[in-house]
Amino acid sequence: MLSRTAENLYWLTRYMERADTMARLLEVGYRMALMPSAGEGYRNEWASLVAAAGSSAGFEAKFGEDFRQRDVETWLFFDRENPSSVVSCIETARQNGRAVRTALTSEMWDALNGAYLDLRDIERRPRSEALLPQLCDWTKRQGSLLRGTTEGTHLQNDGFDFLNLGYYLERGDNTARLLDVKYYVLLPTTSMVGGAVDTYQWSTLLRALSAYRAFHWSYRGDYTPRKVAHFLILNASFPRSLLHCQQQIAAHLGRLAAAYGTRTVAHDRMQVMLGELSEARVEDVIEEGLHEFLSRFIHQNAALGQDVAHSYLFGVQ
Amino acid sequence: MYDGKQVRPAYRQLVDWVESTSPESLAQKKQEAEALFRRIGITFAVYGEGGDTERLIPFDMMPRVFTEAEWRKLERGVKQRARALNAFLYDVYHRAEIVRAGVVPADLVFRNEAYEPAVVGIEPPGRVYSHIVGIDIVRTGPEDFFVLEDNCRTPSGVSYMLENREIMMRMFPELFRSSRILPVDDYPQRLRRTLASVAPRKCDGEPVSVILSPGSFNSAYYEHSFLADQMGIEIVEGQDLFVQGEFVYMRTTEGPRRVDVIYRRIDDSFLDPLCFRPDSMLGVPGLMNVYRSGGVTICSAPGAGVADDKAIYIYVPDMIRFYLGETPILKNVQTWKCGDPSDRKYVLENLKDLVVKEVHGSGGYGMLVGPKSTKEQIDAYAERIKADPGDFIAQPTLALSTCPTFEDSEGLAPRHVDLRPFCLVGQEVHLCAGGLTRVALKEGSLVVNSSQGGGVKDTWVLAD
Amino acid sequence: MRLSVRHSTLYQFDAPMRFVTQSHRLTPASNGCQKVIDWQVSAEGAEFGASFVDGAGDLISTMTLQGPVERITVVVEGTVETSSGDGILRGHREIVSPLVYLEATHATQPNRAMLDLRDLAVGGADGPLDRAHRLAGAVADAIAYTPGATTPQTTAAEALELGQGVCQDHAHTLIALAIAAELPARYVTGYLWTEGGGETAEASHAWAEIHVGRLGWIGFDPANRCCPDERYIRLGSGRDAREAAPIRGVSRGGGGEALDVSVVVAQQ
């Protein structure tokens, strides 16, 4: 298939997944804000969210250093100056989809275009009517709709693999970032570990990842960093865990290698990463330091994305 | 279709059908048809209108009908014209015998904006320049077909021909069972074969053809992607192609893949920034060099536009006699060149009865329909003609044939139509048994362009 | 006269380029005025292909270079045996109609001032050849040779208004005037040997050709107030500098480029 087509498919899903993450981040912030402030955290919860979204500099340039809820909502949801805001992500996803309209099924296009049209309605309404929890739900629903129509209607060909590579590369990155917010950013001192605030923050994080009940099914009992880290990083059955994302990337890269009859540098890197994650124990992660481990993962994951781009999306000359 | 006040026999069955169907159910069918179009996504962007540029071309359910005998004559005429136009193009980029013989004035060819010096002396495969010739035809009587204009570059509208038929077949299967209507759906395969048949000499395997589109923001993008799908070939943009060594390649996820034939839907001047406009972002640097050295075929050939210029149009019957030694089967509409002093005098004196067009314009933009214009409009247009007479030609308003058309308040009513059949020229010349019938939906209107409120119909050729 | 040429063009990119594509009009044709003894165009690491002779008789070829690349040097080296032909282009194989060269481009569009200059110059002229000579003289008088006063984008109209320019501006202005006088005219690039040669020039040379009835194409070099003789090597032609350019290129990868051209023409 044309490299440009593959590139558009890949970014289409990456941006939809990113919109989903922004909604989940906003949800975390909203729930956190309902609690009395931890006081010692990363200035405040909202600041930590913007940091997790990786756009502190842009935010501060526009709104200053007071991280007010309303400004953060604007920045992370509506602001077109923020390339990762929900609005920007959905618009970029649709642009990518429009450019390869014929590579999408009409159901997929309806899902994507429907999200875009809804968004215009939402923007037209007064802000006072746009309640954050509803906006977050709406965003997640759009992501699910596209995901579902893709699974249900798209040919399982190389295009399908590029769609999924986009999904899982982005999702792994996002899970790692969300986990990092909690452990490193929200609660840097160990004195509060196990306290009420701590518990509340963990449950909020799990809820944001749609993992609250799944966690309790799998682990039971109190939250411990060890359990949550295991769940979100190493539990392959949880669809947002880093290991699960890596396995899916491996599967789709494997299908591409079989279809095209050749492996690439992306396969080599993927194999190393998957090998490490598959064999890692939660003790290793704790020992390395969760933040250090996550930072390293995010870096490797980004490098894998680069490899995929170089191998397939630029049309090697 | 109306023979005086009478409906021609070919339409008898259709009219019976309409009369036996309730207005309610016809109205419902009309809605269904529109919904189908919307779902398929055929929209047409109208230039020069603000706001949302995508809207639907109105579709009329009542088809235009030809008998096979009528069609055969038309077919011979169109093919004849397509062959002559290609012979002309080869000639003017080589020895220009027709100019030496004094049949066509040299200035009209060599000083024509569409004449492309960069392709002089190039040998395109099969000596074909215009691979898809769209010839706009009107009918003024049972045996009288007139050519309004030739389209040798990239005539559009073929997706409507195919989709109109598709929708008619879905909605009125009973009509297709009872009438033997010649199929049009082989067009994409014929086009694919036509493209493959003009693969360059250097192509040694199965030729790879692609459609080169300006991208999804172009008004005809739907048609580009539709044809690509139907032919099973890639639709590419300039950025997807690159030149290396002797050939053009497309960037794919499996690495570079050689491209042999490019059916381009972008204008000459955007094809290659190293040969034409240096600021072109749509083109492929080096493409023209590969083309000229025989590494790729471009359809239609750069420079083909010189044959469909409205000033050259006048000479097409002469071309037919000159190159083919045949008598032209289709007639030209009488045309006055405003650049010629005596013609100009006549035109300025008779503007209220004439249609005046810009020589280089298309799409019905910038034309004057005398009988439909106010005195002020006519006077203003006269000033434009006087300022640049060479830019205008004038033609009489023909007594165009009409065709029954659904009209909201009065049911079936006669409306003016024209026809664009699509002729494919490769190793063989083929005319698809149908075409795009455009209809002026306003009562009495003669302008059928979709940008000016025209609609489309299916076109049927009934087997004998 | 036997002339040797070494013409090198160095492209230095701010950031490495992914891909470079160039169209070269860098090989002279043998004709009644010049015979190419040997000629070579090269660039390290580049692939050459897709070459052909166009309707005006110029050999065009394509160069592509895969990145990342930070600099390229295109080197032209060769030897040509020249003879004087009174400026008349003799024995040059081409099939383009001269009428094509009656159409102005953006760079050669005549304006009011040019029409006045034309009228002044050709008043009382005796035939097309005389008209051509007078126009060339008028251009030489109207535009003083001043390097740096104009850019490659300067049009004939702008150069004339400025009254200053280089050989490109002289040629463009002469073409515009000739067209306004209904004489087909075109832009020609090439090399010029100068007395005390061997000196490095900063660019290749350019002049104009005017089509004069049965004599055909005749060269006029207003910058040097002469017609091309055995000191000239003719490289290629076009309707203006852009069309006739020895090198037209596109580089993918972003960032700007710096150009360094050196031309050495020596007598052997």
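Each value in this text was obtained by applying a stated rule to the coordinates, not by laboratory testing. In this text the structure is predicted, and so the values were computed from the model without any measurement. Every residue, glycine among them, receives a Cβ derived from its backbone with ideal geometry; neighbour counts consider all protein chains shown.
Simple point charges give the picture: +1 on the Cβ of Lys and Arg, -1 on the Cβ of Asp and Glu, and for segment B:201-295 a dipole about the Cα centre of about 240 debye. Inter-chain Cβ neighbour count for A:100-107, averaged per residue, equals 3 (cutoff 10 Å, partner chain atoms only).
If R0 is 25 Å, the Cβ-Cβ spacing of B:LYS202 and C:ILE95 corresponds to a FRET efficiency of close to 0.65. Remark: B:THR67, B:THR252 ranked as B:THR67, B:THR252, counting other beta-carbon atoms within 10 Å and listing the fewest first.
Working from Cα pairs under 8 Å separated by at least six residues, relative contact order for segment A:3-313 is 24 percent. Calculated over segment C:84-239, the projected area of the Cα convex hull averaged across directions stands at 8.8 nm².
Would you work out the charge dipole size for segment B:334-397 about its Cα centre, treating the Cβ of every Lys and Arg as +1 and the Cβ of every Asp and Glu as -1, and quote it to the nearest 20 debye?
Details: 9 positive and 10 negative charges, 24 e Å.
I would put it at about 120 debye.
Each of B:LEU14, C:THR108, B:LEU441 was placed along the dipole of the protein assembly as shown (beta-carbon charges, centred on the mean Cα), and the one lying farthest toward the positive end is B:LEU14.
Arranged from fewest to most other beta-carbon atoms within 10 Å of their beta carbon, B:HIS131, C:HIS7 become C:HIS7, B:HIS131.
In chain B, taking the dipole from charged Cβ atoms about the Cα centre, the farthest positive-side position among B:ILE137, B:HIS94, B:LEU227 is held by B:HIS94.
In nm, give the distance between the simple-model label positions of A:PHE160 and B:ARG111, each being 7 Å from the Cα along the Cα-to-Cβ direction. Distance between the two pseudo-spin positions: 6.3 nm.
DSSP beta bridges in the protein assembly as shown, what fraction antiparallel, as a percent rounded to 5? Don't skip to the answer; put the middle values down first.
Working: 123 of 143 bridges.
Percentage antiparallel, nearest 5: 85.
For B:THR252, the residues whose amide H sits under 5 Å from its own are A:SER3, B:ARG257, ignoring neighbours fewer than 5 places away on the same chain, with H placed 1.01 Å from N.
Each residue, C:GLU182 and C:THR151, gets one label point 7 Å from its Cα in the Cβ direction; the gap between the two is 3.8 nm. By the count of other C-beta atoms within 10 Å, a proxy for reagent exposure, C:TRP193, C:TRP207 are ordered fewest to most as C:TRP193, C:TRP207. With an 8 Å cut-off on Cα pairs and a minimum separation of 6 or more residues, tell me the relative contact order of chain B in percent. The value is 23 percent.
Relative to the dominant Cα principal axis of chain C, helix C:112-122 is inclined by about 60°. Where the centre of each part is set by its Cα atoms, how far does segment A:53-75 sit from segment C:89-113, in angstrom? Rounded to whole Å, the Cα centres lie 61 Å apart.
Once C-alpha pairs closer than 8 Å and six or more residues apart are averaged by separation and normalised to the residue number of chain C, the relative contact order reads 29 percent. Neighbours of C:GLN12 by Cβ distance under 12 Å: Lys/Arg scored +1, Asp/Glu scored -1, total -3.
Between B:ARG8 and B:ASP144, the modelled label-to-label distance comes to 1.4 nm, taking each label 7 Å out from Cα in the direction of the beta carbon.
Taking only alpha carbon atoms, the protein assembly as shown gives an Rg to Rh ratio of 1.03, where Rh is the Kirkwood radius.
May I ask you to derive the FRET efficiency for A:PHE314 and C:ARG6 from their Cβ-Cβ distance with R0 = 35 Å, giving the value to the nearest 0.05? Display every interim value, and only then the final one.
Working: r = 37 Å, r/R0 = 1.07.
FRET efficiency, A:PHE314 to C:ARG6: 0.40.
I want the local charge near B:ARG201. Using Cβ-Cβ distances under 11 Å, sum +1 for each Lys or Arg and -1 for each Asp or Glu among the other residues.
On the way: positive: B:LYS202; negative: B:GLU123, B:ASP204, B:ASP260.
Around B:ARG201, the charge tally is -2.
Starting from the Cα gyration tensor of segment B:334-397, take the square roots of the eigenvalues, sort them a ≥ b ≥ c, and report rounded, prolate or oblate (rounded when a/c is under 1.5, otherwise prolate if a/b is larger than b/c, else oblate). In terms of gyration-tensor shape, rounded.
Set Lys and Arg Cβ to +1 and Asp and Glu Cβ to -1, take the dipole of the protein assembly as shown about its Cα centre, and tell me which of C:ALA50, C:ASN224, C:MET17 lies farthest positive. Among C:ALA50, C:ASN224, C:MET17, the one farthest towards the positive end of the dipole of the protein assembly as shown is C:ALA50.
Quick one: dipole size for the protein assembly as shown, taken about the Cα centre, charges +1 on Lys/Arg Cβ and -1 on Asp/Glu Cβ, in debye to the nearest 20.
Values: 109 positive and 135 negative charges, 362 e Å.
In debye, rounded to 20, the protein assembly as shown gives about 1740.
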